[in-house]
Amino acid sequence: MTSAHPTGSFSLAAQLPVAPFDSIFPCAPTSRSCIPQPQTGNKVDILSYRQRPIFRLAYRNFGTHESLVTNQSVEASPGMAGVRWYEIRRIGGTFSVYQQGTYAPADGVHRWMGSIAMDKKGNMGLGYSVVNGTTVFPGIRYTGRLKGDTLGQMTQGEGTIINGSGVQTTMNSRWGDYTDMTVDPTDDCTFWYVNEYYTATGQASSPAGWQTRIASFRLPGCS
């Protein structure tokens, strides 16, 4: 009797060197108590200790090259979280890191738990969570870059999807699994982003816990 499930195998295609970065964020008293919130001693998880990109790796084939974009949460500067992102290209069977960067404006706001995607023009949209330990409650923001912009830079400024007005007080520090940026298949230009935020302080499982927001935006030049 033959098997209906053929076997497969994986092999290493390439190792791609990247610029130095630090994913070991200082967390205490547990490995998930990392990002501070206003008006509470409870901190939320950055997930950077997992040492890997987070959801999702987005692929596009532009004919002349293939692109894959992804991101991970890192310590962008001492005690500050940022979103590190990459575009990997394959041309003629050869992989390389075409561009990379860390989005972390020097304003005292933590940015983490990101997701990135690319529209049909090669523009990128990046969404993420935001918070600080004083005035910025857990909310949602986004940024982007156009295809021809300076490599390694998110050039389109920062937009606010929704500001938070409460914090997570549960003893479980976990924050999202995960956020998602996806391009609308009907026009291949509209970015749709899904993430969590807080409108009122409370346990994650209570009626005053986290909320989900779905937002859309386009970048200039795509129609």
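The values are calculated or read from the model by the stated rules, or taken from the named source; none is laboratory data. Just so you know, these numbers come straight off a predicted model, no measurement behind them. Neighbour counts run over all protein chains shown; Cβ positions are idealised from the backbone, glycine included. All accessible areas refer to the heavy atoms of the entire protein, side chains included, with ligands and DNA or RNA removed. Shrake-Rupley method; radii C 1.70, N 1.55, O 1.52, S 1.80 Å.
For region 87-96, what are the residues that are in a strand (DSSP E or B) and within 12 Å of A14 (Cβ to Cβ)?
Residues satisfying the conditions are I88, R89, R90, T94, F95, S96.
Which of the residues belonging to region 142-188 are of a type in the set (G, A, S), assigned to a loop (DSSP other than H, G, I, E, B), over 17 Å from P36 (Cβ atoms) and under 15 Å from the mean Cα position of the chain (by Cα)?
None - no residue of region 142-188 is of a type in the set (G, A, S), assigned to a loop (DSSP other than H, G, I, E, B), over 17 Å from P36 (Cβ atoms) and under 15 Å from the mean Cα position of the chain (by Cα), so the list stays empty.
Go through A14, A28 for me and flag whichever is small (G, A, S), open to solvent by less than 80 Å² (accessible area, probe 1.4 Å) and touching a strand residue (DSSP E or B) at 6+ places or on another chain (Cβ under 6 Å).
Selected residue: A14, the only one of A14, A28 that is small (G, A, S), open to solvent by less than 80 Å² (accessible area, probe 1.4 Å) and touching a strand residue (DSSP E or B) at 6+ places or on another chain (Cβ under 6 Å).
Considering only residues that are of a type in the set (V, I, T) and either under 16 Å from T212 (Cβ atoms) or touching a Cys at 6+ places or on another chain (Cβ under 9 Å) (or both), look in region 131-177 and name the one that is surrounded by the fewest Cβ atoms within 10 Å (Cβ to Cβ). Reasoning before the result, please.
So in region 131-177, the residues of a type in the set (V, I, T) come out as 131, 134-136, 140, 143, 150, 155, 160-162, 167, 169-170.
Retained after the next criterion (residues that are either under 16 Å from T212 (Cβ atoms) or touching a Cys at 6+ places or on another chain (Cβ under 9 Å) (or both)): 140, 161-162.
Working: I140: 24, I161: 19, I162: 14.
Step by step, filter region 131-177, then rank; the result is I162.
Return the total of residues in region 39-49 being within 14 Å of T170 (Cα to Cα) and of a type outside the set (K, R). First the steps, then the outcome.
As a first pass, look at region 39-49 and keep what is within 14 Å of T170 (Cα to Cα): 39-45.
With of a type outside the set (K, R) added as a condition, the list becomes 39-42, 44-45.
Qualifying residue count for the region: 6.
Listed here are the residues, each with its yes/no results for (1) modelled with pLDDT under 95; (2) of a type in the set (G, A, S).
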{"residue": "G127", "(1), (2)": "no, yes"}
{"residue": "V136", "(1), (2)": "no, no"}
{"residue": "G144", "(1), (2)": "no, yes"}
{"residue": "Q156", "(1), (2)": "no, no"}
{"residue": "D177", "(1), (2)": "yes, no"}
{"residue": "G202", "(1), (2)": "yes, yes"}
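Results for (1) surrounded by fewer than 21 Cβ atoms within 10 Å (Cβ to Cβ); (2) part of a strand (DSSP E or B); (3) at positive phi; (4) in contact with a Phe, Trp or Tyr (Cβ under 8 Å, 6 or more places away or on another chain), shown as yes or no for each residue.
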site: T64; (1), (2), (3), (4): yes, no, no, no
site: L68; (1), (2), (3), (4): yes, yes, no, yes
site: E75; (1), (2), (3), (4): no, yes, no, yes
site: W85; (1), (2), (3), (4): no, yes, no, yes
site: G108; (1), (2), (3), (4): yes, no, yes, no
site: R111; (1), (2), (3), (4): no, yes, no, yes
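Residues of region 42-62 being of a type outside the set (A, V, I, L, M), at pLDDT 90 or above and assigned to a loop (DSSP other than H, G, I, E, B), which ones?
Those that are of a type outside the set (A, V, I, L, M), at pLDDT 90 or above and assigned to a loop (DSSP other than H, G, I, E, B): N42, K43, D45, F62.
Can you find even one residue in region 35-54 that is out of contact with any Phe, Trp or Tyr (no Cβ under 7 Å at 6 or more places or on another chain), without any contact (Cβ under 8 Å) to a residue 24 or more places away in the chain, under 23 Å from V194 (Cα atoms) and surrounded by fewer than 16 Cβ atoms within 10 Å (Cβ to Cβ)?
Yes, region 35-54 contains at least one residue that is out of contact with any Phe, Trp or Tyr (no Cβ under 7 Å at 6 or more places or on another chain), without any contact (Cβ under 8 Å) to a residue 24 or more places away in the chain, under 23 Å from V194 (Cα atoms) and surrounded by fewer than 16 Cβ atoms within 10 Å (Cβ to Cβ).
Pairs under 6 Å by beta carbon, first residue under 13 Å from A76 (Cα atoms) in region 11-26, partner part of a loop (DSSP other than H, G, I, E, B) and modelled with pLDDT of 90 or more, six or more apart or different chains?
F25/C34; F25/I46
Would you say R145 is in contact with an Asp or Glu (Cβ under 6 Å, 6 or more places away or on another chain) and either in contact (Cβ under 8 Å) with a residue 60 or more places away in the chain or under 25 Å from Y86 (Cβ atoms) (or both)?
no
From the list A104, A81, A117, pick out the single residue that is more than 25 Å from S165 (Cβ to Cβ), small (G, A, S) and surrounded by 18 or more Cβ atoms within 10 Å (Cβ to Cβ).
A117
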